[in-house]
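Student: Dropping a structure here in structure tokens format, bear with me for questions.
The values are calculated or read from the model by the stated rules, or taken from the named source; none is laboratory data. This one's a predicted model, so the numbers in the text were calculated from it and none came from an experiment. Here the Cβ positions follow ideal geometry from the backbone for every residue, glycine too, while neighbour counts run over all protein chains shown. Each accessible area value is taken on the protein alone, full model and side chains, heavy atoms only, with ligands, DNA and RNA left out. Shrake-Rupley method; radii C 1.70, N 1.55, O 1.52, S 1.80 Å.
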Amino acid sequence: MGERRLCYGCMDFKSSDDAICPFCGYADDTPFDPNYIEPGTILSEKYVIGSMIGANSEGATYIGYNQSIGCRVLIREYMPQGLCSRVRGKSTISVDPKCVVQYKAMMSEFADLNKSLAHMRNVAHINPTLDLFTANNTTYAVSEYLEGITLVDYLKENAGELTWKQVSEMFPTFFTTLSLLHNNGIIHRAISPETIYVTERNVLRLCAFSISDVRTVQSELPCEIFHGYAAPEQYAANTRQGTWTDVYGICAVLYRILTGCKPTDAPSRMQNDNLCAPHEMNPNIPKHVSRVIMRGLSLYSDDRIKTVTELVTELFDQPEEPEIPKPIPPENPQRAKHRAASQQDNRRRQPQFRDYDEGGYEDGSGDSFIDRIKIPLIVGVLLICVLLVIAIIVMNLLDMNPPPQEPAVVHIETTVSTTNVPDVVTETNPPMPTLDPEFDSTIPDLIGKNFEMKKQQLETDGWLYLEAEYEYSDDYKAGVIMGQSKPKGTPFKSGSTIKVTVSKGPSSIKLPDYKGKTLKQYEAELEELGLTNYNTEAVVNYKYDNNTVIELSRDAGERFELDGTETLKIYYVNNPPKQQQTRETYEELPDPTFEELDPPDFFGDDGETEPLYESVEDPPPPPQEDEPVVEIHGDEGPPMVPVE
């Protein structure tokens, strides 16, 4: 087997004899821009820099390879346009002496942004920062390599648009993540189909975070604006921005997804706002959803929905409007003419009606006696009934003396008297009992709702707190409420807490195939399925690349019980580097054994990383030039002599 090396285009291993990568087509002699880092450069002693895959006025993004754990990563380099330049032939950045203050201030904002994203690395639907370090007179941020396609490409594969039902299934947890970003003081300012990725499991991931100057016109850096999705306040540097800026962006994305058309950009709308409502372009969109999206796209921030929580509440909790009856279509003119002729012919056959018509039937002078007294007769009958009821009530009040211990009688009399003779109630009956002031609300129906969304909605104003108990269920998806301790309609006081039962998903899963997957990829797949009771064991096998999963304690495809006591063991490759020998005739030295340690803490107290693996036994020293090479098996094994 020939020597294998990294392709700087896709960071997969290829044969050293291949000048062009068989996986991505990247050629070894591909020229690179000298303003950016040369492919093959190693940063922080473990990150191999690959080709540049994107850049804006804030900096550049490279594909990279983490040698410590053996996986692809994205490496973001802070390099603001116009404030610095690359030293020719080196990776170091030279800062313009006139722009040192701006350079340092923006680099501080860049670092703070990525630190905040690092603290949110357990939050779904974003691409968080995994490592942050300084080198070459700048700062680098390392994040996970995104597997998937952009939302733009996803829409192309789905006829250009999605239904409201599909949107309501994909976006609720994405909205929750966006709200958590806002709670941590992070405003994205570039939410668009180009910055949202869709994974193979239809999970949305928000990426392309940048400092504020990059996403605002007339700032110190050339702006990167996604026209049609950028809010009006992003087109003026002196306009206040906030959570409502991202509300405009996500509503523009919903407009594009549901209608198939990108909204008109904000400056054009300021001149002539002729943006059609989504319902007018696609009648299948619910009217209340169309109305909420248009509120989120308001040109003036004071009229716009302010927070993602408010947006979600109006999108998913507003009842649908009753269906308006369809108008009766106009009658065919020929058929109407024929019907009029028939009616005229019928009147000719009945001449007795002429006397009544000539007497002024239209003004009511020809009405019969019964028709004239019908309404007064009905009013008189109703008046007599009312008088009889009043008389019966008064007689009961004068003749009966109900005992005070019978509250039912008092309640009935109070109810009747309140409706018909309020004066009598005031004089003879006690005041009507009031509701217990301890309760001021009733429990809503929570079953079937997403727990995280409902928890955020109900606890925002301290109205109702949810305490979750998790159970496995084959009937409800993971994260969905399937039971509540108090039924719908139960009175409660604001600020109370109720217990809800939340589904953990199915109690068993089918173990996915591990072939060709790295340890990190397979662990992520298991955790997404809800399997966390597993451990790993490193083995030496030079037939496979490092960190490749080669075996499980159970066969792939079998059902694995998540609520059981069994622990799944994952075997992966961790090959130590082979030692060089001085003579080809000697047998190969054995490899030192390795044991697994805890994963590195990218953000420890000292800010430095630790090695992922360490040797249990130190490798033997290299042989001296005049000494024979021997192979060491351990403390008890005999040495190997050279082969004659």
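Student: Just checking: which of the helices (runs of 4 or more DSSP H) contained wholly in region 69-185 hold 2 or more residues that are at pLDDT 95 or above and within 28 Å of Glu45 (Cα to Cα)? Don't jump to the end; show me each part of the working.
Tutor: Details: elements: 100-119, 151-156, 164-170, 172-183.
It comes to 100-119.
Student: Of (1) free of Cβ contacts under 8 Å to residues at least 40 places away in the same chain; (2) touching an Asp or Glu at 6+ places or on another chain (Cβ under 9 Å); (3) within 25 Å of Gly516 (Cβ to Cβ); (4) in a loop (DSSP other than H, G, I, E, B), Phe32 satisfies all except one. Which?
Tutor: (3)
Student: Within region 461-495, count every residue that is in contact with a Gly (Cβ under 6 Å, 6 or more places away or on another chain) and either more than 30 Å from Leu529 (Cβ to Cβ) or assigned to a strand (DSSP E or B) (or both). Break it down stepwise before answering.
Tutor: Step one: filter region 461-495 for residues in contact with a Gly (Cβ under 6 Å, 6 or more places away or on another chain), giving 462, 478, 495.
Now restrict to residues that are either more than 30 Å from Leu529 (Cβ to Cβ) or assigned to a strand (DSSP E or B) (or both): 462, 495.
Result for region 461-495: 2.
Student: List every residue pair whose Cβ atoms lie under 6 Å apart, where the two residues are 6 or more positions apart in sequence or sit on different chains, the first residue falls within region 277-303 and is without any contact (Cβ under 8 Å) to a residue 60 or more places away in the chain and within 11 Å of Trp164 (Cβ to Cβ), and the second residue, located anywhere, is hydrophobic (A, V, I, L, M, F, W, C) and open to solvent by less than 50 Å² (accessible area, probe 1.4 Å).
Tutor: Pro278/Leu258; Pro278/Ile285; Pro278/Ile293; His279/Ile285; Ser290/Ala277; Ile293/Cys251; Ile293/Leu254
Student: Would you confirm whether or not region 104-118 contains a residue that is open to solvent by less than 60 Å² (accessible area, probe 1.4 Å), touching an Asp or Glu at 6+ places or on another chain (Cβ under 7 Å) and closer than 26 Å to Arg201 by Cα?
Tutor: Checked against the condition, which is being open to solvent by less than 60 Å² (accessible area, probe 1.4 Å), touching an Asp or Glu at 6+ places or on another chain (Cβ under 7 Å) and closer than 26 Å to Arg201 by Cα, region 104-118 yields no hits at all.
Student: Any idea which residue in region 119-160 is nearest to Thr61 (Cα to Cα), counting only those that are surrounded by fewer than 18 Cβ atoms within 10 Å (Cβ to Cβ) and charged (D, E, K, R)?
Tutor: Going through the qualifying residues, I end up with Glu147.
Table: residues versus (1) at pLDDT below 85; (2) surrounded by 12 or more Cβ atoms within 10 Å (Cβ to Cβ).
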| position | (1), (2) |
| --- | --- |
| Val410 | yes, yes |
| Val416 | yes, yes |
| Val421 | yes, yes |
| Thr426 | yes, no |
| Asn450 | yes, yes |
| Lys455 | yes, yes |
| Asp461 | yes, no |
| Asp475 | yes, no |
| Lys486 | no, yes |
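Student: Val198 is checked against (1) out of contact with any helix residue (DSSP H, G or I) (no Cβ under 7 Å at 6 or more places or on another chain); (2) over 21 Å from Thr313 (Cβ atoms); (3) at pLDDT 95 or above and fails just one. What number does that condition carry?
Tutor: Result: Val198 fails condition (1) only.
Residue-by-condition table, conditions (1) charged (D, E, K, R); (2) touching a Phe, Trp or Tyr at 6+ places or on another chain (Cβ under 9 Å); (3) within 24 Å of Cys7 (Cβ to Cβ):
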position	(1), (2), (3)
Ala60	no, yes, yes
Leu74	no, yes, yes
Gly82	no, no, no
Ala118	no, yes, no
Asp131	yes, yes, yes
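Student: For Val549, indicate whether it is surrounded by 15 or more Cβ atoms within 10 Å (Cβ to Cβ) and over 26 Å from Gly479 (Cα atoms). Lay out the reasoning, then the answer.
Tutor: On the way: surrounded by 15 or more Cβ atoms within 10 Å (Cβ to Cβ): yes; over 26 Å from Gly479 (Cα atoms): yes.
Spelling it out, Val549 is indeed surrounded by 15 or more Cβ atoms within 10 Å (Cβ to Cβ) and over 26 Å from Gly479 (Cα atoms).
Student: Taking region 230-263 only, how many residues are free of Cβ contacts under 8 Å to residues at least 40 places away in the same chain and open to solvent by 50 Å² or more (accessible area, probe 1.4 Å)?
Tutor: Let us first name the residues in region 230-263 that are free of Cβ contacts under 8 Å to residues at least 40 places away in the same chain, namely 235-239, 261-263.
With the extra rule that they be open to solvent by 50 Å² or more (accessible area, probe 1.4 Å), the set shrinks to 237-239, 261-262.
Total satisfying the criteria: 5.
Student: Which condition from (1) under 26 Å from Asp12 (Cα atoms); (2) of a type outside the set (Asp, Glu); (3) surrounded by 22 or more Cβ atoms within 10 Å (Cβ to Cβ) is the one that Ser68 breaks?
Tutor: Exception for Ser68: condition (3).
Student: Check whether at least one residue in region 37-52 is open to solvent by 60 Å² or more (accessible area, probe 1.4 Å), part of a loop (DSSP other than H, G, I, E, B) and without any contact (Cβ under 8 Å) to a residue 12 or more places away in the chain, and report yes or no.
Tutor: From region 37-52, those open to solvent by 60 Å² or more (accessible area, probe 1.4 Å) are 38, 42, 45, 52; that's our starting set.
Going one step further and asking which of them are part of a loop (DSSP other than H, G, I, E, B), we end up with 38, 45.
Restricting the remaining residues to those that are without any contact (Cβ under 8 Å) to a residue 12 or more places away in the chain gives 45.
Yes, some residue in region 37-52 is open to solvent by 60 Å² or more (accessible area, probe 1.4 Å), part of a loop (DSSP other than H, G, I, E, B) and without any contact (Cβ under 8 Å) to a residue 12 or more places away in the chain.
Student: Looking at region 176-189, can you tell me whether even one residue there is in contact (Cβ under 8 Å) with a residue 12 or more places away in the chain, hydroxyl-bearing (Ser, Thr, Tyr), under 30 Å from Thr239 (Cα atoms) and touching a Ser or Thr at 6+ places or on another chain (Cβ under 8 Å)? Before you say what the answer is, go through the steps one by one.
Tutor: The initial filter retains those residues of region 176-189 that are in contact (Cβ under 8 Å) with a residue 12 or more places away in the chain, namely 176-182, 184-189.
After this cut, where a residue has to be hydroxyl-bearing (Ser, Thr, Tyr) as well, the list is 176-177, 179.
Checking which are under 30 Å from Thr239 (Cα atoms) leaves us with 176-177, 179.
When the remaining residues are screened for being touching a Ser or Thr at 6+ places or on another chain (Cβ under 8 Å), the result is 179.
Yes, the conditions are met somewhere in region 176-189.
Student: Identify, from the list Glu224, Glu220, Glu157, the residue that is among the charged types (D, E, K, R) and touching a Lys or Arg at 6+ places or on another chain (Cβ under 9 Å). Explain how you work it out, then say what you get.
Tutor: Working: Glu220 fails: touching a Lys or Arg at 6+ places or on another chain (Cβ under 9 Å); Glu157 fails: touching a Lys or Arg at 6+ places or on another chain (Cβ under 9 Å).
On inspection, the qualifying residue turns out to be Glu224.
Student: Same structure, new question: Filter region 161-194 down to the residues that are in contact with a Lys or Arg (Cβ under 6 Å, 6 or more places away or on another chain) and open to solvent by 20 Å² or more (accessible area, probe 1.4 Å) and list them by number.
Tutor: Correct list: Arg189 only.
Student: While we're on this one: For region 220-278, how many residues are of a type in the set (A, V, I, L, M, F, W, C), within 24 Å of the chain's Cα centre (by Cα) and part of a helix (DSSP H, G or I)?
Tutor: Count: 9.
Student: Modelled with pLDDT under 90, open to solvent by 30 Å² or more (accessible area, probe 1.4 Å), over 30 Å from Leu117 (Cβ atoms) and not in a loop (DSSP other than H, G, I, E, B): is that true of Glu584 in this structure?
Tutor: On the way: modelled with pLDDT under 90: yes; open to solvent by 30 Å² or more (accessible area, probe 1.4 Å): yes; over 30 Å from Leu117 (Cβ atoms): yes; not in a loop (DSSP other than H, G, I, E, B): no.
No, not satisfied.
Student: Given the residues Phe492, Phe560, which is the only one that is surrounded by 18 or more Cβ atoms within 10 Å (Cβ to Cβ) and not acidic (Asp, Glu)? Spell out the reasoning first.
Tutor: On the way: Phe492 fails: surrounded by 18 or more Cβ atoms within 10 Å (Cβ to Cβ).
Answer to the selection: Phe560.
Student: When you check Ser192 against the structure, is it modelled with pLDDT of 95 or more and not hydrophobic (A, V, I, L, M, F, W, C), yes or no?
Tutor: Details: modelled with pLDDT of 95 or more: yes; not hydrophobic (A, V, I, L, M, F, W, C): yes.
When the stated conditions are applied, Ser192 passes them.
Student: If I go through region 86-142 residue by residue, how many of them are under 27 Å from Thr173 (Cα atoms) and not aliphatic (A, V, I, L, M)?
Tutor: Number satisfying all stated conditions: 13.
Student: Let me ask something else about it. Regarding region 519-535, can at least one residue be identified that is in contact with an Asp or Glu (Cβ under 6 Å, 6 or more places away or on another chain), hydrophobic (A, V, I, L, M, F, W, C) and either over 16 Å from Phe13 (Cα atoms) or modelled with pLDDT of 90 or more (or both)? Steps first, please.
Tutor: Going through region 519-535, the residues in contact with an Asp or Glu (Cβ under 6 Å, 6 or more places away or on another chain) turn out to be none.
No; the residues of region 519-535 include none that is in contact with an Asp or Glu (Cβ under 6 Å, 6 or more places away or on another chain), hydrophobic (A, V, I, L, M, F, W, C) and either over 16 Å from Phe13 (Cα atoms) or modelled with pLDDT of 90 or more (or both).
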